[in-house]
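Below is one structure, written out as structure tokens, with a few remarks after it.
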């Protein structure tokens, strides 16, 4: 009888230990799942932040506008080539235009100016007025397709410095003059900055 009671008590103790182990394991699994969810949320948040920063990057926008201007400059050379080839006696033409600098993009700014006036007195009884001016500038952005883009106030186009033209008919003085006058009319540069050479066959 006593033996049976001892066996029952031992069996009860084992059941209690097993229950505690199962409860501890369940709590551990819940904590593990929550930790994984939090880590995943933080990881994705950092990725989204990086993407947003790259979208909001004003340098990226300026670089894109610089590429567009470069394409415009190439278009001018190509248009000149097409026009010059249609002039009588010119023949095949290649045009190279040189620029003094790349285009300058000027963004719009939100400007805030504050002024502080103070009077200082020295030991000899004289007064001195001090004016402090503080100016802060911030680039103004606009929302476009979910990204911030700086608003462009103006784009200063690069200045044309000179042009080199090679043409099949450039050995003829009249043709050469016609080429120089045409390029001068389109670009606005002085005739001495336009060099015309005969194209090798």
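What number, in nm² with one decimal, is the all-direction average of the projected area of the convex hull of the alpha-carbon atoms of segment 84-184?
14.4
Would you order 123, 113 from fewest to most other beta-carbon atoms within 10 Å of each residue's own beta-carbon?
In order of increasing Cβ crowding within 10 Å: 123, 113.
Which FRET efficiency, nearest 0.05, do residue 199 and residue 108 yield, Cβ-Cβ r, R0 45 Å?
Plugging the Cβ-Cβ distance into 1/(1 + (r/R0)^6) gives 0.45.
What order do you get for 78, 108 when you list them from fewest to most C-beta neighbours inside 10 Å? Before the final figure, lay out each step's value.
Numbers: 78 11, 108 15.
Sorted ascending by nearby Cβ count, the order is 78, 108.
Since every read-out is calculated from the coordinates, none of them should be taken as a lab result. In this text, all values refer to a predicted model and were calculated from it rather than measured experimentally. Using ideal geometry, Cβ is built from the backbone for each residue, glycine included, and neighbour counts are taken over all protein chains shown.
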